[in-house]
Amino acid sequence: MPSHRRAGASWRCGDYHSPAMATEQLLQAEARERPRIAVVAALAALFTLASPLVGLVALKGSPDNLPGAVLFRHEHELALGIGAACSVLGLVAVVLVLDFLARAALARSPQAPRWMRPLAFAGGLGLAAVSVAIQISGIVQLAHFATHGSQTYEEARKATNFGALAYVGLLAQLAFVAAIVTVSINAMRVGLLTRFLGYLGVISAVLFVLPFLPLPVVQIYWLGALAVLLAGWTPSGTPAAWSSGEAVAWPSAQELREQRVRAGEARRGGTGAGPAEAEEAAAASAGPARRKRKKRR
């Protein structure tokens, strides 16, 4: 019996204790939703790129001293607000993609942690809410700094201090990172994501906390690759788990090599020799020079 049946999955409502859904119904529901989620993943990549770009352009020419930088931010608060809005929209889009992958993984493996769905919402939407709160608080504090007081360094420092909001934002960020890692690993384990995309999701999550580049290049690439995979445009084809409705473990490097050898033998009309026999056949067909080099070794 398929694993999603054992889990009693219900795709539409997300209640994994409701009556079991037939495999065909699950696949049809996913097939309808996947193109939409592919668009959402592409938008997530675009918003993730737009947010820091807008910020870099808006802050170009900002003074080096803190009071001057605070006044500069106040003068360019509209552009910075647009960058913050792109960041919030990108977070919401990533949450939707993670939720889709989490539901698909849970439908194929009852052992997958059920808390990864609420963790994605709590982390992503919580971080988006904190971003909005910080943006509003920043507008008020920067306006007060620009119109009141002596505009000293200490006043500038207070104008950029968001107190408890910063700590709440850190907790939400850590929860969001944990959600990305958990969903990526579990989607890879059941075969929904390739090993490359699964591990790239983990790297993207780490870089979300420890950014080494001014632009989130890895995160953008990961989201774009997810959009391509969900749209069914990957050159190597869609992973088998999407069409089977069951967990199909992604083959290891050794298994992939053996599959290529068997496929090559089948194309040549051979008998499906193993890797060792295929290597000997390749050496034999390479001619006398290849055989002489092999003897010298």
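The values are calculated or read from the model by the stated rules, or taken from the named source; none is laboratory data. Since we're looking at a predicted model, the values are computed, not measured. Virtual Cβ from ideal backbone geometry, glycine too; neighbours counted across all protein chains shown.
Here is a check on your reading of the model: is LEU59 of a type outside the set (Asp, Glu) and either loosely packed, with under 15 Cβ neighbours inside 10 Å or touching a residue at least 24 places away in the same chain (Cβ under 8 Å) (or both)?
Numbers: of a type outside the set (Asp, Glu): yes; either loosely packed, with under 15 Cβ neighbours inside 10 Å or touching a residue at least 24 places away in the same chain (Cβ under 8 Å) (or both): no.
No, not satisfied.
Filter region 3-56 for residues that are modelled with pLDDT of 50 or more and hydroxyl-bearing (Ser, Thr, Tyr); which is surrounded by the most Cβ atoms within 10 Å (Cβ to Cβ)?
THR48
Looking at region 91-143, which of its residues are farther than 16 Å from ASN186 by Cβ and among the small types (Gly, Ala, Ser)?
ALA93, ALA122, GLY124, GLY126, ALA128, ALA129, SER131, ALA133, SER137, GLY138, ALA143
Can you spot a residue in region 95-107 that is in contact with a Ser or Thr (Cβ under 9 Å, 6 or more places away or on another chain) and surrounded by fewer than 23 Cβ atoms within 10 Å (Cβ to Cβ)?
no
With the requirement that a residue be closer than 27 Å to LEU230 by Cβ and either in a loop (DSSP other than H, G, I, E, B) or without any contact (Cβ under 8 Å) to a residue 24 or more places away in the chain (or both), what does region 62-90 give you?
ALA85
Which ones in region 48-64 are within 14 Å of HIS76 (Cα to Cα) and of a type in the set (Ser, Thr, Tyr)?
Hit for region 48-64 is SER62, nothing else.
Would you point out the residue of region 131-164, among those that are within 34 Å of the chain's Cα centre (by Cα) and outside any helix (DSSP H, G or I), that is surrounded by the most Cβ atoms within 10 Å (Cβ to Cβ)?
Restricting to residues being within 34 Å of the chain's Cα centre (by Cα) and outside any helix (DSSP H, G or I), the top hit is PHE162.
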